[in-house]
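The values are calculated or read from the model by the stated rules, or taken from the named source; none is laboratory data. Values in this document were obtained by computation on a predicted structure and should not be read as measured data. Glycine gets a Cβ as well: all are built from the backbone with ideal geometry, and neighbour counts include every protein chain shown. Side chains are part of the model used for accessible areas, which takes the heavy atoms of the whole protein and leaves out ligands, DNA and RNA. Shrake-Rupley method; radii C 1.70, N 1.55, O 1.52, S 1.80 Å.
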Amino acid sequence: MGSQHVAVLAGGLSLEREVSLRSGRRIADALSSRDYEVDELDLDSGLVPRLRQGDLDAVVLALHGRAGEDGTVQALLELLDVPYTGPGTTASALAWDKAIFKGMLARADVPTPAWVTIASDAIRDLGGAAALEAFGQRLAGPLVVKPSQGGACMGVRFVESPGGLHEALVAAFSYHDVVVVEQFVSGTEIAITLLDGEALPAVEIHPKVGRYDFSARYTYGATDFYAPARLDDATLARAEEAALAAWEITGCRDIARADLIVGDDGTPSILELDTCPGMTETSLVPMAASAAGLSFGDLCERLVAFTQRRA
């Protein structure tokens, strides 16, 4: 399409700043190569004055973490009447908070691993530490402890025995004051990219060592990926159905990535929904697009086109 003036918004002050900058640089390069006029903007005090100049056709969001994915920037852009890519304010906020998101899934009978939630205030002010043994009573076997808000596996711990729960909670509380303790599900991890409400081929994820943590996500060669995923058609259909249900429940638009675990019994369960997914060389969304025959440049252009369609 070209000849449009867009800004790629990346960076910010979250713990995922460097990954966001990598995503933003790749998007900017792709759009520039297709004759878009591209500005690269950061989340700083100069953002609003720049946006109020009114000469941008769209803002492409490449933000990860707080402020970029929780609806903060989305609300600001809506206030300024600036078209932007990705889900809106409410959808972003709902998906960003794992406890709220999982509650919405459960109410709609969309499969997600069993979980309980606890706040640091409950432990500090209400004597909640005495109730920690209830986790073992409610959730059998290994556990996954994660901050209710946050991304890129930061603060996530796997707990094999009750003795490791306290340390895992302390680690997770350092990232957010509400923690989700989730039943660990053994199986195959997959990611399904949803583009304008349609599922792209699922990507199957196999870390070469350990878990699919921050290092495995962003270190080239640390993880084997298979796109499309090596699962049977019936299982993939159930996984896509769950991913699309999560999309509908939160009210997403444009693009999102659903992370799922397909249990050893073949049942897919939603783990998270990422409303501003990574676009780096090791990110899952570009892999899914490629498996669907969509180049990275085409993907970026399509995101810009979605904003023009709404306008």
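Which count do you get for residues in region 1-51 that are open to solvent by 10 Å² or more (accessible area, probe 1.4 Å), within 21 Å of S283 (Cα to Cα) and among the polar types (S, T, N, Q)?
Selection size over region 1-51: 3.
Could you grab me the full set of residues in region 105-143 that are in a helix (DSSP H, G or I), surrounded by 14 or more Cβ atoms within 10 Å (Cβ to Cβ) and at pLDDT 80 or above?
L105, S120, A122
Exactly one of these conditions fails for V8: (1) aliphatic (A, V, I, L, M); (2) part of a helix (DSSP H, G or I); (3) under 18 Å from V304 (Cβ atoms). Give me its number.
Going through the list (1) aliphatic (A, V, I, L, M); (2) part of a helix (DSSP H, G or I); (3) under 18 Å from V304 (Cβ atoms), V8 breaks only (2).
With respect to the numbered conditions (1) within 17 Å of the chain's Cα centre (by Cα); (2) not in a strand (DSSP E or B), which one is the sole condition not fulfilled by S269?
Against the list (1) within 17 Å of the chain's Cα centre (by Cα); (2) not in a strand (DSSP E or B), S269 comes up short only on (2).
Just need a number here: residues in region 74-83 that are open to solvent by 10 Å² or more (accessible area, probe 1.4 Å) and either in contact (Cβ under 8 Å) with a residue 40 or more places away in the chain or not aliphatic (A, V, I, L, M) (or both). First the steps, then the outcome.
Just the residues of region 74-83 that are open to solvent by 10 Å² or more (accessible area, probe 1.4 Å), to begin with: 75-76, 78-83.
The next check asks that each one be either in contact (Cβ under 8 Å) with a residue 40 or more places away in the chain or not aliphatic (A, V, I, L, M) (or both); those that pass are 78, 81, 83.
Counting residues in region 74-83 that are open to solvent by 10 Å² or more (accessible area, probe 1.4 Å) and either in contact (Cβ under 8 Å) with a residue 40 or more places away in the chain or not aliphatic (A, V, I, L, M) (or both) gives 3.
I'm trying to understand the selection: among the residues of region 144-158, which are part of a loop (DSSP other than H, G, I, E, B), over 11 Å from A172 (Cβ atoms) and of a type outside the set (A, V, I, L, M)?
First pass over region 144-158, keeping only residues part of a loop (DSSP other than H, G, I, E, B): 148, 150-156.
Applying the additional criterion that residues be over 11 Å from A172 (Cβ atoms) yields 151-153.
Passing the criteria: G151, C153.
Out of all the residues in region 64-72, is one or more of a type in the set (V, I, T), part of a loop (DSSP other than H, G, I, E, B) and free of Cβ contacts under 8 Å to residues at least 40 places away in the same chain? Steps first, please.
The initial filter retains those residues of region 64-72 that are of a type in the set (V, I, T), namely 72.
Filter again for part of a loop (DSSP other than H, G, I, E, B), leaving none.
Taking every residue of region 64-72 in turn, none turns out to be of a type in the set (V, I, T), part of a loop (DSSP other than H, G, I, E, B) and free of Cβ contacts under 8 Å to residues at least 40 places away in the same chain.
Regarding region 277-294, can at least one residue be identified that is part of a strand (DSSP E or B), out of contact with any Gly (no Cβ under 7 Å at 6 or more places or on another chain) and open to solvent by less than 30 Å² (accessible area, probe 1.4 Å)? Full working, then the answer.
Keep residues of region 277-294 that are part of a strand (DSSP E or B), which gives none.
Taking every residue of region 277-294 in turn, none turns out to be part of a strand (DSSP E or B), out of contact with any Gly (no Cβ under 7 Å at 6 or more places or on another chain) and open to solvent by less than 30 Å² (accessible area, probe 1.4 Å).
Give me the pairs: first residue in region 224-242 and farther than 14 Å from H206 by Cβ, second residue open to solvent by 60 Å² or more (accessible area, probe 1.4 Å), beta-carbon distance under 9 Å, and six or more apart or on different chains, which are they?
T235/T267; L236/P228; R238/T267
Of all residues in region 23-47 being at pLDDT 95 or above, part of a helix (DSSP H, G or I) and not hydroxyl-bearing (S, T, Y), which is nearest to A305 (Cα to Cα)?
Among residues in region 23-47 that are at pLDDT 95 or above, part of a helix (DSSP H, G or I) and not hydroxyl-bearing (S, T, Y), the one nearest to A305 (Cα to Cα) is L31.
Which of the residues spanning region 64-73 are open to solvent by less than 10 Å² (accessible area, probe 1.4 Å) and either at positive phi or of a type in the set (K, R) (or both)?
Across region 64-73, the qualifying residues are G65, G71.
Condition check ((1) under 16 Å from I123 (Cβ atoms); (2) touching a Pro at 6+ places or on another chain (Cβ under 9 Å); (3) open to solvent by less than 30 Å² (accessible area, probe 1.4 Å)) across all residues:
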position	(1), (2), (3)
G150	no, no, yes
A172	yes, yes, yes
Y175	yes, yes, no
F184	no, yes, no
I190	no, yes, yes
E198	no, no, no
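Report, by residue number, each residue of region 52-63 that is open to solvent by 10 Å² or more (accessible area, probe 1.4 Å) and within 13 Å of H5 (Cα to Cα).
Our first condition is that a residue be open to solvent by 10 Å² or more (accessible area, probe 1.4 Å); within region 52-63, this holds for 52-57, 61.
Matches in region 52-63: Q53, G54, D55, L56, D57.
Please work out which one of (1) touching a residue at least 40 places away in the same chain (Cβ under 8 Å); (2) in contact with an Asp or Glu (Cβ under 7 Å, 6 or more places away or on another chain); (3) assigned to a loop (DSSP other than H, G, I, E, B) is the condition L13 fails and give its number.
With respect to (1) touching a residue at least 40 places away in the same chain (Cβ under 8 Å); (2) in contact with an Asp or Glu (Cβ under 7 Å, 6 or more places away or on another chain); (3) assigned to a loop (DSSP other than H, G, I, E, B), L13 is out only on (2).
Could you please tell me which pairs satisfy a Cβ distance under 6 Å, a separation of 6+ or placement on different chains, a first residue in region 116-141 that is under 23 Å from E160 (Cβ atoms), and a second residue that is modelled with pLDDT under 75 and not β-branched (V, I, T)?
Here the result reads I123/A129; G136/P162, each pair linking region 116-141 to a residue that is modelled with pLDDT under 75 and not β-branched (V, I, T).
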